[in-house]
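A quick write-up on the structure given underneath.
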Amino acid sequence: MLVHICCAVDSHYFLQKLREAYPNERLTGFFYDPNIHPYSEYRLRLLDVQRSCKKLGIDLIEGEYDYEGWIDAVCGLENEPEKGARCDVCFDNRLERTAQQAAAMGEKRITTTLLTSPKKSQEQLQEAGRSIERRYGVEFVAPDFRKEGGTQEQFAMAKEEKLYHQDYCGCLYALTVQRDQQRKLADELFSPLSRRILPESIEDRIRLYEKRMELEDAGIAYKIVREKFLNYRLLRAYVKVKGEVIPSWFLPYSTLKRDFTKFRIADKIEDIYFANREEIILLSLSAYNKLIDKNYQSIQDIFKKPPDFDAEMRARGKIIYNFLSLTPIIVLENIDKNATYRLYLNAHIYEDVREHLAIFS
């Protein structure tokens, strides 16, 4: 039987129940989810499914990430609610490709782990499955493993197995609607120009989950610990002198009361300059290099290969003694003590939860 897999939280439980219900079937997983956005989130979910299948001894096939094809398929249905017409098309899209893969492998039966997701409609999935049966001549198996406490058992198993528990369906439209309802920043859609890995970004989670797999392969005990913290995203910022934008680099947690201000240099201690407004601090490139223990020749060099986020936070702590400070700290290549600077800074600070690994000695 070819089993379409959407995520490890659903598949880890579903595959084990499926083995019990169909002990004579050889199960093969098929990860085909072009709806997942962004691609980094797709990679994270695939990584967790690979780990799950390895634990269960299930062969796994990765389908094509045909995001453009999926976008075309749901065109015009962007504003549909969860369990609406867009989900119908999405299910058809993924089950059709599963049926095509099954035919290529000579498999006669297919199913999907979407059936065990409490956020999905069983009726929609069964109707999509019946349509696939008629068109492709494969049997669509639709067991209901949610009933009789199945969902609670599923989530307990996911917690015990330390599976990645995503909090949105996967598609761009579901994500934006959900974040709007939560009044939360959709930081999954943010990627800095410097490509630096930011706290609790998808890339940060991928790094953590890859490390987790390395620990498991080495037989090292660990625990995934969740902690609340104030996260930060710089949305847009620039510095102007005489109407021209000049090269600049903003350290994390730099904020303004309003998005715009203008200032002049009021004081200087070595290569650190203090502005007359908003507690703004300017660093020369040489001062920044000394703090960060680097040898950047230009601001552009920092963008090309930025320091680690935590390393830059340590550098910030060498200037600011209050670790909760939101003081803007800006690196400039050239600092004119007599110039009037115009600063635009749009940043977002918000409550978030971050995971980290606690390794047992």
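Restricted to strands (runs of 3 or more DSSP E) entirely inside region 237-330, those with at least 1 residues that are surrounded by 13 or more Cβ atoms within 10 Å (Cβ to Cβ) and β-branched (Val, Ile, Thr) are 244-246, 260-263, 265-269, 272-275, 281-284.
Scanning region 337-351 for residues that are modelled with pLDDT of 95 or more and among the charged types (D, E, K, R) turns up just one, Arg342. Does region 339-355 contain any residue that is out of contact with any strand residue (DSSP E or B) (no Cβ under 6 Å at 6 or more places or on another chain), surrounded by 13 or more Cβ atoms within 10 Å (Cβ to Cβ) and among the charged types (D, E, K, R)? There is no residue in region 339-355 that is out of contact with any strand residue (DSSP E or B) (no Cβ under 6 Å at 6 or more places or on another chain), surrounded by 13 or more Cβ atoms within 10 Å (Cβ to Cβ) and among the charged types (D, E, K, R). Please work out if Leu175 is in contact (Cβ under 8 Å) with a residue 12 or more places away in the chain and touching a helix residue (DSSP H, G or I) at 6+ places or on another chain (Cβ under 7 Å). Criteria met by Leu175.
Contact map, region 124-150: residues that are free of Cβ contacts under 8 Å to residues at least 24 places away in the same chain and in the same structural domain as Gln16 (by TED's automatic domain parsing) paired with residues that are outside any loop (DSSP other than H, G, I, E, B) and buried (at least 17 other Cβ atoms within 10 Å of the Cβ), Cβ distance under 7 Å, separation 6+ or inter-chain. Pairs shown: Arg130/Phe140; Glu133/Phe140.
Of all residues in region 156-183, those satisfying the criterion of being over 22 Å from Gln124 (Cβ atoms) and over 14 Å from the mean Cα position of the chain (by Cα) are Ala156, Met157, Ala158, Lys159, Glu160, Glu161, Lys162, Leu163, Asp180, Gln182, Arg183.
Every listed requirement among (1) at pLDDT below 95; (2) touching a strand residue (DSSP E or B) at 6+ places or on another chain (Cβ under 9 Å); (3) buried (at least 18 other Cβ atoms within 10 Å of the Cβ) is met by Arg196 save one, (2).
Does Glu214 fit the bill of being free of Cβ contacts under 8 Å to residues at least 24 places away in the same chain and not in a strand (DSSP E or B)? For Glu214, the condition - free of Cβ contacts under 8 Å to residues at least 24 places away in the same chain and not in a strand (DSSP E or B) - is met.
Of the candidates Arg226, Arg233, the single residue that is basic (Lys, Arg), touching a residue at least 60 places away in the same chain (Cβ under 8 Å), farther than 18 Å from Asn334 by Cβ and surrounded by 13 or more Cβ atoms within 10 Å (Cβ to Cβ) is Arg233.
Could you tell me which of the residues Asn276, Asn295 is modelled with pLDDT of 95 or more, out of contact with any Leu (no Cβ under 8 Å at 6 or more places or on another chain) and within 15 Å of Ala339 (Cβ to Cβ)?
After applying the criteria, what remains is Asn276.
Residues that are part of a loop (DSSP other than H, G, I, E, B) and among the hydroxyl-bearing types (Ser, Thr, Tyr) were ranked within region 115-160; the one that is nearest to Val9 (Cα to Cα) is Ser117. The single condition among (1) in contact with a Pro (Cβ under 8 Å, 6 or more places away or on another chain); (2) within 21 Å of Leu193 (Cα to Cα); (3) in contact (Cβ under 8 Å) with a residue 40 or more places away in the chain that Lys294 does not meet is (3). Restricted to strands (runs of 3 or more DSSP E) entirely inside region 1-78, those with at least 1 residues that are closer than 20 Å to Ala158 by Cβ and among the aromatic types (Phe, Trp, Tyr) are 28-31. Just to be sure, is Ala85 in the same structural domain as Thr176 (by TED's automatic domain parsing), crowded, with 18+ Cβ neighbours inside 10 Å and farther than 25 Å from Phe155 by Cα? It is false that Ala85 is in the same structural domain as Thr176 (by TED's automatic domain parsing), crowded, with 18+ Cβ neighbours inside 10 Å and farther than 25 Å from Phe155 by Cα.
The values are calculated or read from the model by the stated rules, or taken from the named source; none is laboratory data. This one's a predicted model, so the numbers in the text were calculated from it and none came from an experiment. Using ideal geometry, Cβ is built from the backbone for each residue, glycine included, and neighbour counts are taken over all protein chains shown.
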